[in-house]
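*Asks:* Before I ask anything, let me first share the structure, which is written out below as C-alpha cells.
The values are calculated or read from the model by the stated rules, or taken from the named source; none is laboratory data. It should be emphasised that the depicted structure is a prediction, and the values quoted were computed from it without experimental measurement. Note that we place each Cβ from the backbone using ideal geometry, even for glycine, and neighbour counts take in every protein chain shown.
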Amino acid sequence: MARVAEKPLERIGGKKKLSAMELKFMEVIWAHPEGISSEEIYQQFPQARGTKSTILYNISEKGYVENRQEGLHHIYTPLVTRLEYEQALICQELEKSFGSGSFEHLVAAFCGKEKLTKKQAERVQELLDAIKEEP
C-alpha cells in the first residue's frame, strides 16, 4: 500500500524534527531554493546575531541545509523541500499513532477498522493512482 511520505525523516538522513524557531528559519531558506546568504537571513529575525548563528548551525547539523562559505558569508541551500519535510512529519505521526506509516492503516483507522481487506486496499490504491495521474 502507498506510504504517505516518500522520504520519512528517518529516510532523509535520520534527521531530527525542526524546532519552531528552526522551522521559521527554514521557511526563509525554502523561499530561496538557489541559496540565501546568512546576512539576508539575519535581516529577517530580531534575535541576537549569536542566537541566529546557533539556529542556522543547528539546522545545518540536522542535515536540512547545505552550508558553504563565500567570502565572509555563509550560503544556505535547502537539501529537503518543505513538502518532503511535511510528508515525513505526517508519516512519523502515523507510525506513532497507528504503528505504521501506510495510508492503508490511516484509512482503516478512519473507518474504525483495524485493517482493510485485500479488496478494500486495492480500491484505495486505485484511487491513489488515479489522483497521482491527474494534473
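*Asks:* So is Arg123 under 23 Å from Lys16 (Cβ atoms), among the basic types (Lys, Arg) and loosely packed, with under 15 Cβ neighbours inside 10 Å or not?
*Replies:* It is false that Arg123 is under 23 Å from Lys16 (Cβ atoms), among the basic types (Lys, Arg) and loosely packed, with under 15 Cβ neighbours inside 10 Å.
*Asks:* Here are the criteria: (1) closer than 30 Å to Lys115 by Cα; (2) surrounded by fewer than 18 Cβ atoms within 10 Å (Cβ to Cβ); (3) in contact with a strand residue (DSSP E or B) (Cβ under 7 Å, 6 or more places away or on another chain). Tell me which single one Ser60 does not satisfy.
*Replies:* Evaluating Ser60 over (1) closer than 30 Å to Lys115 by Cα; (2) surrounded by fewer than 18 Cβ atoms within 10 Å (Cβ to Cβ); (3) in contact with a strand residue (DSSP E or B) (Cβ under 7 Å, 6 or more places away or on another chain) leaves (1) as the failure.
*Asks:* Scan region 123-135 and report the pairs whose first residue is at negative phi and whose second residue is in a helix (DSSP H, G or I), with Cβ atoms within less than 8 Å and a gap of 6+ or a chain change.
*Replies:* These pairs meet every condition: Val124/Phe103; Val124/Glu104; Val124/Val107; Leu128/Phe103.
*Asks:* Limited to region 83-99, what total is found for residues that are surrounded by fewer than 15 Cβ atoms within 10 Å (Cβ to Cβ) and under 17 Å from Pro33 (Cα atoms)?
*Replies:* Selection size over region 83-99: 2.
*Asks:* Another one. Report every pair of residues separated by at least 6 positions or lying on different chains whose Cβ atoms are under 8 Å apart, first residue within region 49-60 and at negative phi, second assigned to a helix (DSSP H, G or I) and among the aliphatic types (A, V, I, L, M).
*Replies:* Sorted first by the residue in region 49-60, then by its partner, the pairs are Lys52/Ile41; Ile55/Met21; Leu56/Ile41; Ile59/Met26; Ile59/Ile29.
*Asks:* Return the total of residues in region 42-60 being aliphatic (A, V, I, L, M) and farther than 21 Å from Leu79 by Cβ.
*Replies:* Looking only at that region, the number is 1.
*Asks:* When the residues of region 38-57 are narrowed to those that are aromatic (Phe, Trp, Tyr) and under 13 Å from Met21 (Cβ atoms), which ends up surrounded by the fewest Cβ atoms within 10 Å (Cβ to Cβ)?
*Replies:* Tyr57
*Asks:* Report yes if some residue within region 20-37 is in contact with a helix residue (DSSP H, G or I) (Cβ under 7 Å, 6 or more places away or on another chain) and either at pLDDT below 95 or surrounded by fewer than 13 Cβ atoms within 10 Å (Cβ to Cβ) (or both); otherwise report no.
*Replies:* Within region 20-37, none of the residues are in contact with a helix residue (DSSP H, G or I) (Cβ under 7 Å, 6 or more places away or on another chain) and either at pLDDT below 95 or surrounded by fewer than 13 Cβ atoms within 10 Å (Cβ to Cβ) (or both).
*Asks:* Of everything in region 63-82 that's assigned to a loop (DSSP other than H, G, I, E, B) and within 18 Å of the chain's Cα centre (by Cα), which residue is surrounded by the fewest Cβ atoms within 10 Å (Cβ to Cβ)?
*Replies:* This residue is Thr81.
*Asks:* Only one of (1) acidic (Asp, Glu); (2) free of Cβ contacts under 8 Å to residues at least 12 places away in the same chain; (3) part of a loop (DSSP other than H, G, I, E, B) fails for Glu34. Which number is that?
*Replies:* Answer for Glu34: the failing condition is (2).
*Asks:* On to the next question. Condition (residue is in contact (Cβ under 8 Å) with a residue 12 or more places away in the chain and within 16 Å of Ala31 (Cβ to Cβ)) applied to region 84-94: is it met by at least one residue?
*Replies:* Yes, region 84-94 has at least one match.
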